[in-house]
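Read through the structure below, which is laid out as structure tokens, and then see the notes.
The values are calculated or read from the model by the stated rules, or taken from the named source; none is laboratory data. Fair warning: this is a prediction, and the values are worked out from it, not measured in the lab. Note: ideal-geometry Cβ built from the backbone for every residue, glycine included; neighbour counts use all protein chains shown.
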Amino acid sequence: MVFKRLLGSLGVGGPTVDTVLHPGAALPGGTLAGQVQLKGGSADFDIEHITLELVARVEAEHEDGESEGIAVFDRFTVGGGFRLAADERRDVPFTVTLPWETPVTELYGQGLGIVLGVRTELSVAGAKDKGDLDSLAVRPLPVQEEILEALGQLGFGFRSADLEYGHIGGTGQQLPFYQELELVPSPRYAHAINEIELTFLAHTGGMEVVLEADKRGGFFSSGHDAVTRFTVSHDGVEHQNWNALVDGWIQQLVEDRTSYGSHASYGQGDPYGAGHGHGDHHHRSGPSMGTVVAAGAAGLAVGVVGGLVAAEVVDEVGDFFEGDEGDED
């Protein structure tokens with residue numbers, strides 16, 4: 001959905017902006033292309049710069065509980081330094097590179113309830129206005145898709161997804177927030193695990209996979225969280241037996257009842273110390289899954305997430321960010 005707005009800081013007669021993204025979902029670390037379409041107002045205006053902001057709805061924990069807010073996680077100047085004549089129409093094409101840790105918003109074409117947007121800011125005659133907002137769709141990287149496909153074939157189900165403000169200790173995380181995918185355990189592991197939370201932290205050379213299990217307690221022991229971290233490469237994805245690899249990760253996670261942290265590359269154990277979990281900002285989301293539909297031949301099941309069906313997510317981008325723009329300066 002595109003939101004066209006008059007530049008409020010310039011009043012009636014100012015230029016309008018409409019940013020149009022190329023169709024299709026982008027990839028983390030990939031390119032995002034489109035054009036900023038400008039229409040001149042009732043007089044000539046000097047366009048000092050055109051800036052794109054990548055914004056996300058995130059959750060944060062604090063002493064009083066939880067709250068939601070917006071986070072700007074990248075900015076790009078894509079044009080400026082020209083005069084826009086009265087009633088002139090001008091298109092400014094752009095191609096930018098998304099951060100590798102950009103969250104995934106859809107899986108097999110199904111929305112996950114993650115809200116991302118591209119907000120356009122114009123600087124005109126010394127005044128700034130965030131004049132346009134578009135929803136941003138991001139699909140998984142090949143290695144992410146293989147891991148999710150393997151989890152689906154192993155019997156795990158999708159419950160919910162969210163973005164958590166904070167940093168996962170012991171990782172190379174770059175953004176101020178991270179994405180959590182909450183999974184329902186397969187029947188094979190349901191006796192030992194209540195749920196699994198999965199986080200992808202991609203980078204140029206590969207990706208860190210953080211798995212956290214909320215374990216069930218027995219008659220003589222209490223349940224606890226266990227965290228493991230693995231690294232995978234972007235190369236050779238098609239040659240890897242992902243079902244076997246991912247199942248090995250889950251087994252290690254389940255069997256690790258005494259250590260709270262371990263690190264491995266392609267499943268080979270190499271402890272990196274306790275306490276490197278999700279940190280003070282981590283929390284476990286409550287169930288928010290409604291109607292479940294099959295997604296992909298053997299992939300994870302996704303459906304209504306966080307009270308939003310996929311078709312409503314686009315509308316909510318505008319409603320959410322428009323309501324919070326006053327907090328971003």
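Take the conditions (1) modelled with pLDDT under 95; (2) in a strand (DSSP E or B); (3) surrounded by 15 or more Cβ atoms within 10 Å (Cβ to Cβ); (4) not basic (Lys, Arg); Gly113 misses just one of them, which is (2). Evaluate the following for Leu107: is it closer than 20 Å to Val227 by Cα, buried (at least 22 other Cβ atoms within 10 Å of the Cβ) and hydrophobic (A, V, I, L, M, F, W, C)? It is false that Leu107 is closer than 20 Å to Val227 by Cα, buried (at least 22 other Cβ atoms within 10 Å of the Cβ) and hydrophobic (A, V, I, L, M, F, W, C).
Here are Ile193, Ile147: which of them is β-branched (Val, Ile, Thr) and farther than 20 Å from Val104 by Cα?
Numbers: Ile147 fails: farther than 20 Å from Val104 by Cα.
Result: Ile193 is the single residue among Ile193, Ile147 that is β-branched (Val, Ile, Thr) and farther than 20 Å from Val104 by Cα.
For the condition modelled with pLDDT under 95 and in a loop (DSSP other than H, G, I, E, B), what is the one hit in Gly8, Gly29, Gly69? Before you say what the answer is, go through the steps one by one.
Numbers: Gly29 fails: modelled with pLDDT under 95; Gly69 fails: in a loop (DSSP other than H, G, I, E, B).
Just one listed residue meets the conditions, Gly8.
Can you find even one residue in segment 172-195 that is surrounded by fewer than 22 Cβ atoms within 10 Å (Cβ to Cβ), among the hydroxyl-bearing types (Ser, Thr, Tyr) and part of a strand (DSSP E or B)? Within segment 172-195, not a single residue is surrounded by fewer than 22 Cβ atoms within 10 Å (Cβ to Cβ), among the hydroxyl-bearing types (Ser, Thr, Tyr) and part of a strand (DSSP E or B). Residue-level check: of (1) farther than 16 Å from Ala25 by Cα; (2) in a strand (DSSP E or B); (3) of a type in the set (D, E, K, R), Glu149 misses just (2).
Residues that are in contact with a strand residue (DSSP E or B) (Cβ under 8 Å, 6 or more places away or on another chain) and among the β-branched types (Val, Ile, Thr) were ranked within segment 154-207; the one that is modelled with the lowest pLDDT is Ile193. The number of residues in segment 116-126 being crowded, with 23+ Cβ neighbours inside 10 Å and more than 19 Å from Gly34 (Cβ to Cβ) comes to 1. Within segment 48-63, restricting attention to residues that are surrounded by fewer than 22 Cβ atoms within 10 Å (Cβ to Cβ) and of a type in the set (A, V, I, L, M, F, W, C), the residue that is farthest from Gln144 (Cα to Cα) is Ala60.
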